[in-house]
1. Just checking, how many residues over region 217-235 are closer than 13 Å to Y45 by Cα and of a type in the set (S, T, Y)?
2. Got a sec? Which of F199, F182, F195, F266 is modelled with pLDDT of 95 or more and within 26 Å of K346 (Cα to Cα)?
3. Scan region 1-35 residue by residue and report those that are charged (D, E, K, R), touching a helix residue (DSSP H, G or I) at 6+ places or on another chain (Cβ under 8 Å) and either closer than 19 Å to N74 by Cα or without any contact (Cβ under 8 Å) to a residue 40 or more places away in the chain (or both).
4. Considering each residue of region 239-259, count those that are modelled with pLDDT of 95 or more and touching a helix residue (DSSP H, G or I) at 6+ places or on another chain (Cβ under 7 Å), and give that number.
5. If you go through region 272-286 one residue at a time, do you hit one that is more than 13 Å from I321 (Cα to Cα) and of a type in the set (D, E, K, R)?
6. How many of the residues making up region 275-290 are surrounded by 21 or more Cβ atoms within 10 Å (Cβ to Cβ) and over 24 Å from P373 (Cβ atoms)?
7. Exactly one of these conditions fails for K381: (1) of a type in the set (D, E, K, R); (2) crowded, with 20+ Cβ neighbours inside 10 Å; (3) touching a Pro at 6+ places or on another chain (Cβ under 8 Å). Give me its number.
8. Determine if region 117-127 includes at least one residue that is within 16 Å of F42 (Cα to Cα) and surrounded by fewer than 22 Cβ atoms within 10 Å (Cβ to Cβ).
Amino acid sequence: MIKVGNFPKIDVVILAGGKGTRIKKFLNGKPKPMIKIIKRDFVDYIIKKVSSYPVNKIFIMCGFRGNKIYKKYNNTFQNLVPISCIIEKKPLGTGGAIKSLKNKVARNFIVLNGDTYFDIDLSVFFKNKNKNKIIMSLAKNKTYNSNNKLIRLGLDSKKKIFYNKKSKLFNGGIYFLNKNIFRKLNDIKKKFISFEEDFIHKEILLKKVYGIYFNNFFLDIGTKKNLALAKKVIPKITKKAAVFLDRDGVINIDKGYVFKIKDFIFKPNVIKILQKMTKNDFYIFIVTNQAGIAHGKFLLTDYINLQLNIKKYLFKNKVIINDLRFCPFHKNSRIEEYRKNSMYRKPGNLMIESIKKNWDLDLKKSFMIGDKPTDKICAEKSNLKFYYPKKNILEQFRKIIEI
């Protein structure tokens, strides 16, 4: 049985209000976070990355041309994470945008910029035991020109940030925050508040900001040169092999219409396999028929609740579920809302095709595991290698990866 226990409730805030003045001619009337990186919006990469983690909710703070972001993303879900967009009535600055969330965000939340890609592991923030700390990510890049108040940063023995003229570290733009900061933001008597200059800079001087250095890829798309680099590099570093998994009968023991946490039992060695997949930098996707919803065996909310608990439990066991698709439809449904013959339902392959469309995948190295002939047909329609799970699944996966 799944036991999640006390799991931290952490929201994510994406600051997406910048005008993109330096790359204006490339925007084509869109806000900077929606600039195309080959075939998808830049902010899509950020949303997909953060929603791979068991975050509670994503807030996108929209400014310049924010109605376009609002129209596409507001009240949508990514990997079962709800997304809410908030449009500024007038420019508030990054600090003002955060300040406006005082009564909306969870006690702890992660803030990041909607025009910066910093490929770090966000797990460190979930593991942080002192939830009252202000933690800032640090990066190192010789060619990057940042805010002149948040460069040349050092770390002391207690991991507190200080200014160091000899250091090449600078602000990576990802913060782990808590609601205590709102008291100080309220004390800043300005209509337009820069979070970096008016808040973080002062907190660094007071030695109240902790830092973590990440030696990961960092890129701000705010210049013509960096935008060209983003279009070249980001699709490459996000292109990975994927494993597509049926759920009931592959991940867990199929007892028939599993929707209660107490009835969800992982099959032997499955967690070890998923840990290996995560460690080997595979995307992990779940594609599952859930006709129990159509037949009235359980509610859509029951499915979502169980799946969120699975995501949290696996995360605690060092497994990342990057995305999932489920089909609640059936042609003989008892409930009219779900009564239709859908190609999302396996052996139809639209669940897989939807994921292929939205992620950069190395399809030659990707494969699917399923326990039914309908899974096999589905995989073949999408030109994916397919395997039935064997009794010795550890050895089976080792051989698959080596192929």
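1. Within region 217-235, residues that are closer than 13 Å to Y45 by Cα and of a type in the set (S, T, Y) number 0.
2. Sole residue among the options that is modelled with pLDDT of 95 or more and within 26 Å of K346 (Cα to Cα): F266.
3. K30, K32
4. Going through region 239-259 one residue at a time, the tally reaches 7.
5. Yes: region 272-286 contains one or more residues that are more than 13 Å from I321 (Cα to Cα) and of a type in the set (D, E, K, R).
6. 2
7. So the condition that K381 fails would be (2).
8. There is at least one residue in region 117-127 that is within 16 Å of F42 (Cα to Cα) and surrounded by fewer than 22 Cβ atoms within 10 Å (Cβ to Cβ).
The values are calculated or read from the model by the stated rules, or taken from the named source; none is laboratory data. Only a predicted model underlies this, so the values are computations on that prediction, with no experimental measurement involved. Methodologically, a virtual Cβ is constructed for each residue, glycine included, from the backbone with ideal geometry; neighbour enumeration extends over all protein chains shown.
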